[in-house]
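Structure record follows, encoded as structure tokens.
The values are calculated or read from the model by the stated rules, or taken from the named source; none is laboratory data. All values derive from a computational prediction rather than experimental measurement. Reconstructed Cβ throughout: ideal geometry from the backbone, glycine too, with neighbour counts over all protein chains shown. Surface accessibility is based on the protein's heavy atoms, side chains included, excluding ligands, DNA and RNA. Shrake-Rupley method; radii C 1.70, N 1.55, O 1.52, S 1.80 Å.
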Amino acid sequence: QVQLAESGGGLVQAGGSLRLSCTGSGSIFDVMGWYRQAPGKQGELVASIDSGGRTNYGDSMKGRFTISMDNAKNTVYLQMGSLKPEDTAVYLCNGKPTTSWRYYWGQGTQVTVSS
């Protein structure tokens with residue numbers, strides 16, 4: 001059974017930092033990433049990375065967030081810095097197994113940035 005489990009969310013003050021982790025199980029993933037969903041807003045890409053290290057970021061995250069992947073651990077990390085209240089959202093991990101075209105999703109982790 002393919003699963004993704006996020007950790008690392010929480011409450012942080014504006015300007016602070018937070019690191020999210022997401023570990024996949026049941027398969028090896030060749031693409032992993034983060035999306036976020038804020039109340040009343042459309043979901044958006046935060047960042048994605050493939051097993052070759054190629055990354056893609058949402059426009060508002062460039063320069064503040066860094067995504068990395070530990071292929072051996074099937075884990076993707078999101079280092080978030082210079083956090084703003086508008087970064088408050090549920091952050092969801094997703095991943096594509098090497099043997100499938102389907103993307104799987106984690107349950108999400110809440111990130112709240114206070115002003």
TODO: Would you work out the charge dipole size for the chain about its Cα centre, treating the Cβ of every Lys and Arg as +1 and the Cβ of every Asp and Glu as -1, and quote it to the nearest 20 debye?
DONE: 40
- [ ] Treat the chain as a sphere of radius equal to its Kirkwood radius over Cα pairs and apply Stokes-Einstein at 20 °C in a medium of 1.002 mPa s; give the translational diffusion coefficient in µm²/s, rounded to a whole number.
- [x] 153
Open item on the list: Using a Cα-Cα cut-off of under 20 Å, which aspartates and glutamates could be cross-linked to K62, ignoring same-chain neighbours fewer than 8 residues away?
Closed with: E44, D50, E86, D87
Open item on the list: Which order do the peptides 58-69, 26-37 come out in when sorted by mean C-beta neighbours inside 10 angstrom, highest first?
Closed with: 26-37, 58-69
- [ ] Could you do me a favour and compute the accessible area per residue for the chain, 1.4 Å probe, result in Å²?
- [x] 53
- [ ] For the chain, with all protein chains present and a 1.4 Å probe, just round the carbon and sulfur fraction of the accessible area to a whole percent.
- [x] 48
Open item on the list: Can you give me the C-alpha center-to-center distance between the range 57-115 and the range 1-52, rounded to a whole angstrom?
Closed with: 3
